[in-house]
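What follows is a single structure, written as structure tokens, with notes after it.
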2 protein chains.
Amino acid sequence: MATLSDITVSASINSLSAFLFLVAFAILRLQPMNDRVYFPKWYLKGIRENPSTSGPLVKHYVNLDVRMYLRLLNWIPAALKMPQLELIEHAGLDSAVYIRIYLLGLKIFVPIALLAFGVLLPVNYTGGNFSIMSLKMKDITFGQIDKFSISNVPPASKRLAAHIIMAYVFTFWTCYILYKEYKIVTDMRLNFLASQKRRPDQFTVIVRNVPSDADESVSEHVEHFFRVNHPGQYLTHKVVYNANKLAKMVDKKKDLHNRLIYYTNKYERRPSKRPTTKTGFWGLWGKKIDAINYYTEEIDKLGREEVAERERVIGDPEAVVPAAFVSFRSRWGAAVCAQTQQTRNPTRWLTDWAPEPRDVYWKNLAIPFVELNVRKLVMAVALFGLIFSFMIPITIVQTLANIESIEKVLPFLKPIVEKGSTKSFIQGFLPGIVLKIFLLVLPMILMEMSKIEGYVAVSDLEAKSAAKLYLFLLVNVFLGSIVTGTALQQLKEFLNKSASEIPKTVGVSVPMKATFFITYIMVDGWAGIAAEVLRLFPLIMYHLKNIFLVKTDKDRDEAMDPGSLLWPITEPRLQLYFLLGLVYSTVTPILLPFIIIFFAFAYLIFRHQIINVYHQKYESAASFWPDVNRRIIIGLIISQLSLLGLLSTKQAANSTPVLLALPVLTFAFHKFCKNRFESAFRKFPLQDAMIKDTLERATEPQLNLKEYLKDAYTHPVFKGGEVELMDIDEVDECHVVATKRSSRKGSQAGTSDGCPEDRTGIYAV
Amino acid sequence: MATLSDITVSASINSLSAFLFLVAFAILRLQPMNDRVYFPKWYLKGIRENPSTSGPLVKHYVNLDVRMYLRLLNWIPAALKMPQLELIEHAGLDSAVYIRIYLLGLKIFVPIALLAFGVLLPVNYTGGNFSIMSLKMKDITFGQIDKFSISNVPPASKRLAAHIIMAYVFTFWTCYILYKEYKIVTDMRLNFLASQKRRPDQFTVIVRNVPSDADESVSEHVEHFFRVNHPGQYLTHKVVYNANKLAKMVDKKKDLHNRLIYYTNKYERRPSKRPTTKTGFWGLWGKKIDAINYYTEEIDKLGREEVAERERVIGDPEAVVPAAFVSFRSRWGAAVCAQTQQTRNPTRWLTDWAPEPRDVYWKNLAIPFVELNVRKLVMAVALFGLIFSFMIPITIVQTLANIESIEKVLPFLKPIVEKGSTKSFIQGFLPGIVLKIFLLVLPMILMEMSKIEGYVAVSDLEAKSAAKLYLFLLVNVFLGSIVTGTALQQLKEFLNKSASEIPKTVGVSVPMKATFFITYIMVDGWAGIAAEVLRLFPLIMYHLKNIFLVKTDKDRDEAMDPGSLLWPITEPRLQLYFLLGLVYSTVTPILLPFIIIFFAFAYLIFRHQIINVYHQKYESAASFWPDVNRRIIIGLIISQLSLLGLLSTKQAANSTPVLLALPVLTFAFHKFCKNRFESAFRKFPLQDAMIKDTLERATEPQLNLKEYLKDAYTHPVFKGGEVELMDIDEVDECHVVATKRSSRKGSQAGTSDGCPEDRTGIYAV
């Protein structure tokens, strides 16, 4: 167990590294060349332009203004200055509500910490159990920190009453704040929805599992059905094509196109030597060929295939999946259709709110109902397997990735590997790196699992991935640290233990792990957040792209990677801090300041990021809040049960019924919140729909809604992110002409008419 | 443990008693005086008249036709003859579907029994473990029955594979039959709903928690809200008065009225002596007074109070509860309103389908939303307490109700009580009787608990009571018999056992309890069902009423108590047989024939009863089926887990993963059923609503729906169960006149004008 000074050292190291990250950030963000990395949001909004080109060249890249450096920390008040309403306007409701989670952490834990330091710390410190304990059991080393924890209170002491009372106070405080916050967020959401401008998804419902009809096409069937069953409300609909193959082609062409540009740039810089590539995988092996010719031809071929596929999809009735986006004359009509059952068979004509167009996950629209059930079952089993036995494949990889096997496969490395320092480095680090890589890949695996489950909106996919990750972290980080051993071993142990033993096992270990979790908070929390603001990876990527791919301002815009709030990753991880704070609030309150610093720091950083950097892909109007609320309540219940277990080992058995009431009450609070608020996040009330409709009819009586909705729900490969694909098409045409000419003439063709100048030159080889 | 011959004896005794009940029934039902007890349904339908009055008087009471007695069992084919469609027409869908549960039992268990007898019985019988076991462990006595059970298979035997395979076969068969049945019932329900005539509840929605408005009354507020938010669809509405006090008065008056009739009859039979009563509780003590005068005055007084209360309720805006029945122009409009959320705040303007008028539980309409949550929580805790500690109060009562305390309280009984035979009788029986009384009262307690929970439809109340009773029986009868000890002790034991130990404990005890459950099936099942058909209690009550209260044919009609399917009591009890059958199908298949006989017998009896006797109070269109299906699946999962536990003690550890798949698959099946069918029982699809609307508009374009709906949802005390209350009112008026006259004249008044003759005579005292 660590002593207080150990923790001080660790805290200093981590604070220092966090501070260094911040300094690096503060300097880097002032360099004009990094402007697009640290302020992409403003570029996307069109508010920020490239730094002015007057003055010496060096000024384009490096900031030489010394005064700027003196105001290194200016970004902090700037980040906090923007008022909430403006923030919502600027970054969307999702982001604005997301940072409220950190604020919520502060609201919960600052008063709790004050109370705990005022009441529990003195009670624990004067408990005097420490000396007895340390004398009795030499094997378990108690650190100084334990003097401030409940471990220092002797068994059956009357002092434990303080902890029980505090458990009640903390629970009520947390619930009170949660309730208030839920109410605020609900109001924010409803106001946001009410003030939203007209959007296609307000009028549109997604209908899935349209039954097949012998006499009618899907499109006719949908039209007839809704015309009959929603008379006066049905407006229009859009069938969905199975364009997955086409979408893949478009992606591939984009990739090839990037490569072509890369080689072209290379050639322009060194016109003396034509760049070459190899035909094999990633250009690593195979025949050596002329790169520009090769990619030009490939793009040409793919372009023709794409045109054919595009025609096939539009012409082929088989390519129409039994799903459609149905639009109504009013929001009221759409709200009615989304909330009601259409036919006797609840597996057909399934209607639900359409996700906003950006949010649709097109691939999953075609999955039939029965298959969905099977997929969900399979994924549930897989998730269980992943959570409880993820260590098995990792251990196998770790065993394979040891020195002996490396020497076997790559014998030429033997002399290097066998060197003492390298060897110990590999042996010490490799297993850790394998685990780290797995943890980095994990969210992607979980996302793939959610995709297999068949949700049709990206926001749903992200919510489900977050739920999975939360479960994983809860079992493998929290429980895994407390009850040491792999999750599978824990599971076995728990299965073989009685229900009343489990909280005991957890409860007893909790105070012993306090120092571990304090370190965890500093490493994963503090340093992690500081790394977030530095954006090292996007920084590097941006400059690489800038060097190799960027030719025009538009390219530069595309090279910018603003990223977004990685909600399905950050939220579950941040829930861990709520859990830790709640669990330790009564046990080892000295952990609380670390949590508070984390929340305050993260709030600051993320507020800065959502103002200046992130660009959200879609807007769900804070639909994630019920999940956030539920998970904090889960944390609260876990904390109550672990305290219960801990106290039952402290020979305070008569405290059990008193404490048992807490989880029951907390669960009742959860049910209450769910009933009271959740439907605001799932349904759209008719009254609000009616108000918006009436208002719109009064202000814009001439609105042609059908025209407005015409292309909203067209698969992106058809409307083609219109600008983006058109570009490629233009290029293609030029290129086709160019290659035809070149093949005919056998030599260089001139600049072909109508094609952008700086590109056609390349093709005309 | 019982031997085979023990069971044979028990079976004979129970069959004999069941047979005697049946013979008694067969004879009693032929007597004309009992006609209204055994065929009330036909009287209510107006098809059957009183037996013809020609012939000698004795013929009115006793059937002297010998030929009839020769065809004693004629009722059996008669009960089976009616085809299902006619049955639905005659008795309603609820009843018709209810008896399908017994048929479902036969469909599941007959093939399972055949397979089990063909495969498992030989495997068990030749297992040869019995001799070894009985030698080894003398303390546990194995009966002959165990030769046919899995106990006879030695541990780690390859024969156990047969049981595992059979567990799979049985599970798949059960699920297959459940799926088919669910489908059939769903279709029956939907067809029933589609073919239903116009009913007020098709157009009506119940709205609760209407927010209070400073400027408008509840009625105005409701009208404005729905006129705005359901334009073109809103038709009319009916506010709900808090008439609970008034309803109590009406009930009390009815009761007084009965007493008055009783004394009047008595007086008429012996005009020499005026009947007297006492003013105290139940007429047991207090001042002796003239009964007829007393009750006449009381009725008079109450009648005036009632009129005042009625006026107060209708006039007082405070008496209007914030709930209303809102009716729409079309079924489509009502379906839309019932399935959607109306406003931002999901605790206000709560809309749901209106129960049919007979089904409304008026008392609960006024409960506000938050209170509902609190009530549910409290009742959940109370139910938990009731299930796990119901033995505590019972034990206390049992201790109090022993001989010593009886002697103390009633010392004069001492000489009688002290007699040897009486003493042993009391000591042997009294505790049992206390328990029996509790079990009889239990459904009423559970019903009261459901009422407190605040459901607004009688059908909901019954469904929730059934759920509570099922839980109670599952814990206290099934688990209680298997793991001996009270439920509280079991709970403690289970809490102190590991999760993997629990199925083991249950599994090991299961085969040992086979004989107990066989006896249980015979006593509770066979004899219980036979007692059902005899209707001893209604028979006695009818004749008592006939003697004391009945004067006219109408009175006789009222004295008839057709009763109804006591769904909240019979269904949970019958689920126990499914559970037993499934649990023992792989373990001790010899139990299955007993179950099959129960189902066949019960099917026959209940089919007879619903045709000839029961009169359902409301029609829910089989809305209980999801519960039935779910509970059978719970039984299936319990059976799988107990087999798992049993086999894990048989050193067939590698069977665990194989068997673990079963509950997972079964649960998946449950989810599938729920998704596929349940909404047909909860929602009303728009398509069906539209079809019915269109049809109606075509066939009855002149229909005045507003007029049709006018009084549908008036509280029964206002429209007064019109016939019933009007009667009383008429009587009142007559009576008021009569008493006025008598008080004026001080002597007998003549037959007053316009009042039914045979009654006014009474009042004119």
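Data for the structure
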quantity: Residue satisfying all of: in the range A:185-200; free of Cβ contacts under 8 Å to residues at least 24 places away in the same chain and within 14 Å of chain B (Cβ to nearest Cβ); surrounded by the fewest Cβ atoms within 10 Å (Cβ to Cβ) among these; calculated: A:SER195
quantity: Some residue of the range B:679-687 being part of a loop (DSSP other than H, G, I, E, B), modelled with pLDDT of 85 or more and closer than 30 Å to B:LEU87 by Cα; calculated: no
quantity: Count of residues meeting criterion [under 16 Å from A:PRO626 (Cβ atoms) and touching a Phe, Trp or Tyr at 6+ places or on another chain (Cβ under 9 Å)] in the range A:639-677; calculated: 6
quantity: Some residue of the range B:303-321 being hydrophobic (A, V, I, L, M, F, W, C) and within 30 Å of A:MET690 (Cα to Cα); calculated: yes
quantity: Which listed residue, of B:PHE203, B:PHE226, is crowded, with 20+ Cβ neighbours inside 10 Å and closer than 20 Å to A:GLN687 by Cβ; calculated: B:PHE226
quantity: Enumerated helices (runs of 4 or more DSSP H) restricted to the range A:300-402, each holding at least 1 residues that are surrounded by fewer than 19 Cβ atoms within 10 Å (Cβ to Cβ), in contact (Cβ under 8 Å) with a residue 12 or more places away in the chain and more than 14 Å from every other protein chain (Cβ to nearest Cβ); calculated: A:369-389, A:391-400
quantity: Conditions (1) farther than 27 Å from B:LEU659 by Cα; (2) modelled with pLDDT under 85; number of the one not met by B:ASP460; calculated: (2)
quantity: All positions within the range B:461-477 that are closer than 12 Å to B:LEU579 by Cα and surrounded by 20 or more Cβ atoms within 10 Å (Cβ to Cβ); calculated: B:TYR470, B:LEU473, B:LEU474
quantity: Enumeration of residues in the range B:652-666 that are more than 9 Å from every other protein chain (Cβ to nearest Cβ) and out of contact with any Pro (no Cβ under 9 Å at 6 or more places or on another chain); calculated: B:ALA653, B:ASN654, B:SER655, B:THR656, B:PRO657, B:VAL658, B:LEU659, B:LEU660, B:ALA661, B:LEU662, B:PRO663, B:THR666
quantity: Output for the range A:258-272, where each listed residue is touching a residue at least 60 places away in the same chain (Cβ under 8 Å) and in contact with a helix residue (DSSP H, G or I) (Cβ under 6 Å, 6 or more places away or on another chain); calculated: A:LEU260, A:TYR262, A:THR264
quantity: Some residue of the range A:625-638 being at pLDDT below 85 and either farther than 30 Å from A:ARG36 by Cα or part of a helix (DSSP H, G or I) (or both); calculated: no
quantity: Residue list for the range A:433-478, restricted to those being in contact (Cβ under 8 Å) with a residue 60 or more places away in the chain and among the aromatic types (Phe, Trp, Tyr); calculated: A:TYR455, A:TYR470, A:PHE472, A:PHE478
quantity: Residue match in the range A:630-639 (condition: away from chain B (no Cβ under 14 Å), out of contact with any helix residue (DSSP H, G or I) (no Cβ under 6 Å at 6 or more places or on another chain), surrounded by fewer than 18 Cβ atoms within 10 Å (Cβ to Cβ) and closer than 25 Å to A:ALA156 by Cα); calculated: no
quantity: Residues of the range A:217-239 that turn out to be away from chain B (no Cβ under 14 Å) and either closer than 16 Å to A:GLU318 by Cα or among the aliphatic types (A, V, I, L, M) (or both), as a count; calculated: 7
quantity: Selection status of B:THR714, away from chain A (no Cβ under 12 Å) and closer than 19 Å to B:VAL456 by Cα; calculated: yes
quantity: Of the criteria (1) over 20 Å from A:MET444 (Cβ atoms); (2) surrounded by fewer than 24 Cβ atoms within 10 Å (Cβ to Cβ), which one A:TYR614 fails; calculated: (1)
quantity: Positions within the range A:672-689 being within 7 Å of chain B (Cβ to nearest Cβ) and either crowded, with 22+ Cβ neighbours inside 10 Å or farther than 14 Å from A:GLN202 by Cβ (or both), in sequence order; calculated: A:PHE672, A:ASN675, A:ARG676, A:SER679, A:ALA680, A:PRO685, A:LEU686, A:GLN687
quantity: Given (1) modelled with pLDDT of 75 or more; (2) more than 24 Å from B:PHE594 (Cα to Cα), index of the condition B:PHE117 fails; calculated: (2)
quantity: For B:SER212: the one exception among (1) at pLDDT 85 or above; (2) more than 22 Å from B:GLN339 (Cα to Cα); (3) not aromatic (Phe, Trp, Tyr); calculated: (1)
quantity: Condition met for B:ASP557 (surrounded by fewer than 18 Cβ atoms within 10 Å (Cβ to Cβ) and either among the aliphatic types (A, V, I, L, M) or more than 21 Å from B:ASN14 (Cβ to Cβ) (or both)); calculated: yes
quantity: Looking only at the range B:124-140, and only at residues there that are buried (at least 19 other Cβ atoms within 10 Å of the Cβ) and modelled with pLDDT of 70 or more, the one that is farthest from B:TYR168 (Cα to Cα); calculated: B:GLY127
quantity: Some residue of the range B:293-315 being farther than 25 Å from B:VAL370 by Cβ, modelled with pLDDT of 80 or more and of a type in the set (Gly, Ala, Ser); calculated: yes
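The values are calculated or read from the model by the stated rules, or taken from the named source; none is laboratory data. Being a predicted model, the structure only gives us computed values, none of them experimental. Backbone-built Cβ (ideal geometry, glycine too); neighbour counts: all protein chains shown.
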